[in-house]
Amino acid sequence: MCIVMDKSFRNWAKKYATDEKVFFDDFSKAFSKLIELGVPEENFSGKAPMTLKTLDEQGIQVD
């Protein structure tokens, strides 16, 4: 909701709505930066490693 109510967010929403390439270019840069920075190790202390099931293990078939 704040995306359309807040003027500064609304400007970005309009910009991305009118030019999908701009959205994906900006998203790509931001996501790459997040991946490069990683997650601080202290966020994992005392927690079991996260494991994900494959689609087969979940009983999901993809054609």
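Against the chain, whose longest principal axis is taken from its Cα atoms, helix 7-18 shows a tilt of about 80°. The phi-based Karplus calculation (6.51 cos²θ - 1.76 cosθ + 1.60; θ = phi - 60°) puts the 3J(HN,Hα) values of segment 24-33 at 5, 5, 5, 4, 4, 5, 5, 5, 4, 5 Hz, whole numbers, x for Gly and Pro. Here is how the number arises for the chain: DSSP H runs of 4 or more residues each give -39500 (n - 2.57), the sum is divided by the residue count, and the result at 222 nm is -16500 deg cm²/dmol.
For segment 42-49, 3J(HN,Hα) computed residue by residue from phi via the Karplus equation (6.51, -1.76, 1.60; θ = phi - 60°) reads 4, 5, 9, 4, x, 10, 5, x Hz, glycine and proline entered as x.
Where the eigenvalues come from the Cα gyration tensor of the chain, what are the semi-axes √(5λ) of the equivalent ellipsoid, largest first, in whole Å? Display every interim value, and only then the final one.
Details: eigenvalues 217, 88, 37 Å².
Each semi-axis is √(5λ); the values are 33, 21, 14 Å.
The trypsin sites (Lys or Arg not before Pro) of the chain that DSSP puts in a loop, and whose beta carbon has at most 15 other beta carbons within 10 Å, are LYS47, LYS53.
Filter the GluC sites (Glu not before Pro) in segment 33-63 to those in DSSP coil with at most 13 other Cβ atoms within 10 Å of their Cβ, and list the result. Intermediate values should be presented prior to the final figure.
On the way: sites: GLU36, GLU41, GLU42, GLU57; in loops: GLU57.
Qualifying residues, ordered by number: GLU57.
Residue-wise HN-Hα couplings along segment 52-58, as the Karplus relation 6.51 cos²θ - 1.76 cosθ + 1.60 with θ = phi - 60° gives them from phi, are 10, 7, 6, 4, 4, 5, 8 Hz; Gly and Pro carry x.
Every read-out reported here was derived from the displayed coordinates using simple, explicitly stated rules and does not represent laboratory data. If you're wondering where the values come from, they're calculated on a predicted model, not measured in any experiment. Cβ sites come from the backbone with ideal geometry, for glycine too, and all protein chains shown count toward neighbours.
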